[in-house]
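Comments concern the structure below.
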Amino acid sequence: MKVIIQKYCFLLFLFVCTSNALANKRLIIKYKITPQQQNLVTSGRITQMQLNNQMMQPISSSRMAQISKLSGVQIKEVIQISNGAHVVELPQDVDSKQLQKVIQKISTDPNIEYVEEDKLLKPMAVPLSNPAQWDMSASQGDNFAELWAHWNISYPAVSPGNDTIVAVIDTGYTPHSNFLSQLSGSQSSTPCTSTNKANTTCYGYQFISDCRIAGSCPSSTPNSKATIDYTPDGLDLGDYLTTAQAQASNGFFDSSCVAPSSSWHGSHVTGIIAANGYSGGSGILGGAYGASVFPVRALGKCGGYNSDVANAILWLSEAATSSTNNIPIKVINMSLGGVGACSATMQQAINSAVSAGIIVVVAAGNATVNQDGSSYTIHNVANINPANCKNVISVSAKNYNNELSWYSSYGNTTITASGGGSFGYGGNNIYSTFWASEESYAYSSTNSTYIEYQGTSQATPHVSAVIADLITYFNQIKIQYSASNLIDILQSSSSALTNTSNLSDITSGQGGVVPNRTLNAQNALIYAINNYKILAQPSSLTFTSLEPQVVVFTNTTTKEMNVLTAAIINSSNVGLTIVADECSNISLDVGASCSVTVSPTKLGITQATLKLTNDGKTINLVPISVNDPISTNSSGAGGGGCSATQNGDDASLLFILLAISVIYYARRRLYKNN
């Protein structure tokens, strides 16, 4: 099938990356803070900002002399950095190897926390979206373009959707070059060799229980011999069905199941979520291009059984929480459905997924052709399952002109997203990944191609992609979330349909409410940033003494936040206790703060976490380190403070020598015991 792509201008978004090719002479030096300074901060007598300002004072002449002596060249200070560090420069440019030698020499000063090259940064292109992807644009689509731009400025170290796994329950996967690297393995306990021929890795799982639907046996196979087991590897074998095959099935397939070519529907959906970029000649970019997709094949020839889909959901729910088969699924995308009520089996399966912390996103459904073939029926979502089940995010579709698409179900859907399709306009459907085999699956390195589809099936993965991006954001700031949080974000940040002229035609004689709010990916991210965060200051605690330290939590969102408990978790070897708690069972107004005071009961080497929760959900995590005082070096402040060895007397020097001896002896014993 030939697809015509209109020519659009595209935007090139930039992020910074390092370049080591050029000579350089600039270094960044940060001095350690003293225990006395740390105590001033943790006791609240000075703020972290005030401490940083102290450390930003120009480096003293004695320290500059020490740095120059260690490096062997005359070094001067250039500027200061707001975290208390200093930029210094050598008298002339040197190559990377020479600069590293200087860094090593300066690093021998025990008062210095770190020394690093002040690297020159260069712009580099992030993955490009295809000009044909109007659905990713701000003007006609779901505004992923602006989300990507904002993301790459704020979180350049990770990609949108990074470390989030989306399970796509559909027709399975093909080894498409545009997303193969984004697929997640089968995690099978038994050896598995895929028949996809691109490589030997198995991806996802196969949940079709009838070999005739799976296409792994002749359509004439009797019912008694057609049952097959669920197996690793969700490879899409094709869902085509010829008239001859239908006739040979002895009534198992009827004429409505006939499909002259395979849809490769799962591959199309997968590309919308996680395709890894446009090369300038081909390819697309998925809305969550850093996410992984776990492909689940539950649909084949003529669709798939409700029981198979439910079993897939239940398996994914168990896999997400099982220690023996750990696949941390965060989102399930189901671009599938049928007319009728939500089945009890499906509802229970969905409830299991939600209980396991999985977000379930479902297509609201498309128009169905009437039996005589001369007309079609557009449905209220209340009559489409599983979109009408509880605890799901149901997705209706809009077109290029920001109208509700002619085929889309209407009614009480959760959100509308780009699905394509406009009467009278032509084209402008959703361009995504496709496999070139006409009927059954066949591998060729040239079979990775592209096609335009339309439907709520295409709208749904746009929403799954945004949710994957939001989950990655919450993971970055160490805040847990719930399905209700995500629904609130999607709806509160949505945009209005700008053209509603076709709505009366869609709902004529059928009643119901037409969805008029559409997905806005960029707005969703901004809304999450502004409304779901309680700031911790300091963001981590380090103990070198039994002196208590205070963490202040501030509601930096735009609405009141409830806090139920503050607790210390994962503490081992060394006891940690909360000695004062203002943050349990309170409501924090916008801008309000509360504090938690923590103290160790003894010193040693351990790691722990201070956890703030709301209704069982974590809203902030503060890492805690308790250090062995024997291994803690005395240090001076940055910017001209005194160190233990400057102008010290003989007693101070003897103490330092004794400490060094103790450390040496302890290390010898440790080495000997190991």
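The values are calculated or read from the model by the stated rules, or taken from the named source; none is laboratory data. Predicted, not measured: the structure shown is a model, and the values here were computed from it. Heads up, the Cβs are rebuilt from the backbone with ideal geometry, glycines too, and the neighbour counts pull from every protein chain shown.
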With the condition being at pLDDT 90 or above, I'd like the strands (runs of 3 or more DSSP E) fully within region 531-579 carrying at least 3 qualifying residues. 549-555
Scan of region 195-215 for residues that are in contact (Cβ under 8 Å) with a residue 40 or more places away in the chain and closer than 21 Å to Glu318 by Cβ, ordered by number: Tyr203, Gly204, Tyr205, Gln206, Phe207, Ile208, Ser209
The condition from (1) among the aromatic types (Phe, Trp, Tyr); (2) modelled with pLDDT of 95 or more; (3) over 29 Å from Ser159 (Cβ atoms) that Phe294 misses is numbered (3)
Just for strands (runs of 3 or more DSSP E) wholly inside region 410-483: which have at least 3 residues that are more than 17 Å from Ile332 (Cα to Cα) and in contact with a helix residue (DSSP H, G or I) (Cβ under 6 Å, 6 or more places away or on another chain)? 430-435
List the pairs whose first member sits in region 475-487 and is among the β-branched types (Val, Ile, Thr), whose second member is part of a loop (DSSP other than H, G, I, E, B), and whose Cβ atoms are under 7 Å apart, counting only residues at least 6 apart or on separate chains? Ile477/Lys533; Ile479/Tyr532; Ile479/Lys533; Ile487/Thr414
Identify the residue in region 159-194 that is touching a residue at least 40 places away in the same chain (Cβ under 8 Å) and farther than 29 Å from Ala363 by Cβ and, among all such residues, is surrounded by the most Cβ atoms within 10 Å (Cβ to Cβ). Cys192
How many of the residues making up region 437-450 are within 30 Å of Thr416 (Cα to Cα) and surrounded by fewer than 20 Cβ atoms within 10 Å (Cβ to Cβ)? 1
Would you check which residues across region 486-499 are touching a Lys or Arg at 6+ places or on another chain (Cβ under 8 Å) and part of a helix (DSSP H, G or I) and list them? Gln491
So in region 22-36, with the set limited to residues that are farther than 20 Å from Phe543 by Cβ and assigned to a loop (DSSP other than H, G, I, E, B), which one is modelled with the lowest pLDDT? Leu22
